[in-house]
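To keep things clear, I will list the structure first and then write my remarks on it.
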Amino acid sequence: MNTKPWTVGMTIPLAVATMVATAPVASAVKVPPTVATGQCSAGSLWTITAKPDNGRMEVEFQVDSNRIGESWTVRITDNDELVSEATPVTLAPSGSFTVRTLTTDRAGVDHVVGVARSTGTDETCNAQVNR
């Protein structure tokens with residue numbers, strides 16, 4: 001005779017509760033960034049990156065001219081809408097700058113364009129990435 005009939009009935013709910021409590025969270029899945037690279041008009045190198053960030057999109061535009069102290073003007077657009085303007089200066093030790101911005105993650109494909117121009121040499125960098 002079974003003196004504890006409730007133990008079998010409690011085993012299944014306990015097992016289900018354990019599985020639910022240890023299930024992975026879907027929002028923890030990392031989506032890799034979309035990256036493009038290229039060369040500017042006088043040989044400097046550019047990299048533009050777009051990646052999701054909590055329902056928005058983070059854009060990072062970097063130019064490496066190998067010249068320290070050079071001033072640049074930068075404009076970043078997303079689907080032809082201006083999302084960032086900056087006037088960075090290249091820094092030691094690499095002679096590069098990075099402009100970061102957060103923007104709305106628009107429906108469909110985001111066409112992100114970064115344009116940088118050196119105020120001293122007029123070198124131009126035209127970067128673009130689709131996300």
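Every number here is computed from the coordinates shown, using simple stated rules; none is lab data. Please read all numbers here as calculations on a predicted model, not as lab measurements. Every residue, glycine among them, receives a Cβ derived from its backbone with ideal geometry; neighbour counts consider all protein chains shown.
Pick from segment 31-54 the residues that are over 15 Å from Thr101 (Cβ atoms) and of a type in the set (Gly, Ala, Ser): which of them is surrounded by the fewest Cβ atoms within 10 Å (Cβ to Cβ)?
Residue satisfying both the conditions and the ranking: Gly43.
Out of all the residues in segment 75-114, which are among the aliphatic types (A, V, I, L, M), touching a Ser or Thr at 6+ places or on another chain (Cβ under 7 Å) and farther than 15 Å from Ala50 by Cα?
Of everything in segment 75-114, just one residue is among the aliphatic types (A, V, I, L, M), touching a Ser or Thr at 6+ places or on another chain (Cβ under 7 Å) and farther than 15 Å from Ala50 by Cα, namely Val89.
Anything in segment 75-85 that is acidic (Asp, Glu) and assigned to a strand (DSSP E or B)? List them, or say none.
Asp78, Glu81, Glu85
What number of residues within segment 75-101 satisfy the criterion of being out of contact with any Gly (no Cβ under 7 Å at 6 or more places or on another chain) and under 15 Å from Asn126 (Cβ atoms)?
Qualifying residue count for the region: 4.
Of all residues in segment 86-125 being free of Cβ contacts under 8 Å to residues at least 24 places away in the same chain, outside any loop (DSSP other than H, G, I, E, B) and not small (Gly, Ala, Ser), which is nearest to Asn66 (Cα to Cα)?
Leu91
What tally of residues in segment 24-74 results from selecting those that are assigned to a strand (DSSP E or B) and either of a type in the set (S, T, N, Q) or touching a Phe, Trp or Tyr at 6+ places or on another chain (Cβ under 9 Å) (or both)?
17
Would you mention how many residues in segment 55-73 are surrounded by 19 or more Cβ atoms within 10 Å (Cβ to Cβ) and under 20 Å from Thr34 (Cβ atoms)?
Residues that pass the stated criteria total 5.
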